[in-house]
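Engineer: A single structure is presented below for examination.
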Amino acid sequence: MRAKCLGKDTPKSMATRAAERSFSLLLLWLMPLSCSSPRPPTARDVADANDTGRTLAAKSENERAVLGEAGRLRTGIEERVGKINVLADAPYPAASGHTCRALSITVEGASPATHRVVCTDGQAWFFVPDVFSAMVGTGPRE
């Protein structure tokens, strides 16, 4: 007959075994996180990528109205500017030295919002090119 192995007779201490169990449970808990997809880019990520230093002039009366109000738009609150609705992210200092904001612009009657980035050099606000739509082939090429 074989003797039973008690906790004191095992080569590992009880504390070591408890730590191993805790570590195993932690790995099981973290596994779904490692298999998840990456988060989609935020408006700020897109804005940073778009800040190449080039500027674009307003092409319509609506765009001129947006540029005129860009510095006064409240962060995170959709506001009516002319005939369009604009949702502005917080201003941030860009690598170019300009202060920029990411905007979501919705034209009345159109369902998808257009994402644009506006920057200021301290004197006037201007649009910057959308490098993503040019790469993917969607939207206007700047």
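Results for (1) of a type outside the set (D, E, K, R); (2) modelled with pLDDT of 65 or more; (3) surrounded by 14 or more Cβ atoms within 10 Å (Cβ to Cβ); (4) in contact with a Phe, Trp or Tyr (Cβ under 8 Å, 6 or more places away or on another chain), shown as yes or no for each residue.
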{"site": "L25", "(1), (2), (3), (4)": "yes, yes, no, no"}
{"site": "W29", "(1), (2), (3), (4)": "yes, yes, no, no"}
{"site": "R39", "(1), (2), (3), (4)": "no, yes, no, no"}
{"site": "R44", "(1), (2), (3), (4)": "no, no, yes, yes"}
{"site": "A49", "(1), (2), (3), (4)": "yes, no, yes, yes"}
{"site": "T75", "(1), (2), (3), (4)": "yes, yes, no, no"}
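Engineer: Can A124 be described as in contact with a Ser or Thr (Cβ under 7 Å, 6 or more places away or on another chain), at pLDDT 90 or above and loosely packed, with under 13 Cβ neighbours inside 10 Å?
Structural biologist: Against the criterion (in contact with a Ser or Thr (Cβ under 7 Å, 6 or more places away or on another chain), at pLDDT 90 or above and loosely packed, with under 13 Cβ neighbours inside 10 Å), A124 does not qualify.
Engineer: Then there is this: Restricting attention to region 77-101, report how many residues are small (G, A, S), within 17 Å of C119 (Cβ to Cβ) and surrounded by 13 or more Cβ atoms within 10 Å (Cβ to Cβ).
Structural biologist: Start the filter on region 77-101 by keeping residues that are small (G, A, S), which leaves 82, 88, 90, 94-97.
Filter once more, so that each one left must be within 17 Å of C119 (Cβ to Cβ): 88, 90, 94-97.
When the remaining residues are screened for being surrounded by 13 or more Cβ atoms within 10 Å (Cβ to Cβ), the result is 88, 94, 96.
Final tally of qualifying residues: 3.
Engineer: Considering each of A95, A90 in turn, give the residue that is at pLDDT 90 or above and assigned to a loop (DSSP other than H, G, I, E, B).
Structural biologist: Criteria check complete, one pass: A90.
Engineer: Quick one: in region 68-87, which of the residues that are more than 13 Å from W125 (Cα to Cα), of a type outside the set (K, R) and not in a strand (DSSP E or B) is farthest from the chain's Cα centre (by Cα)?
Structural biologist: Here the answer is G82.
Engineer: Among the listed residues A58, A65, which satisfies the condition of being assigned to a helix (DSSP H, G or I) and modelled with pLDDT of 75 or more?
Structural biologist: The match here is A65.
The values are calculated or read from the model by the stated rules, or taken from the named source; none is laboratory data. This one's a predicted model, so the numbers in the text were calculated from it and none came from an experiment. All Cβ positions, glycine included, derive from the backbone under ideal geometry; neighbour counts span all protein chains shown.
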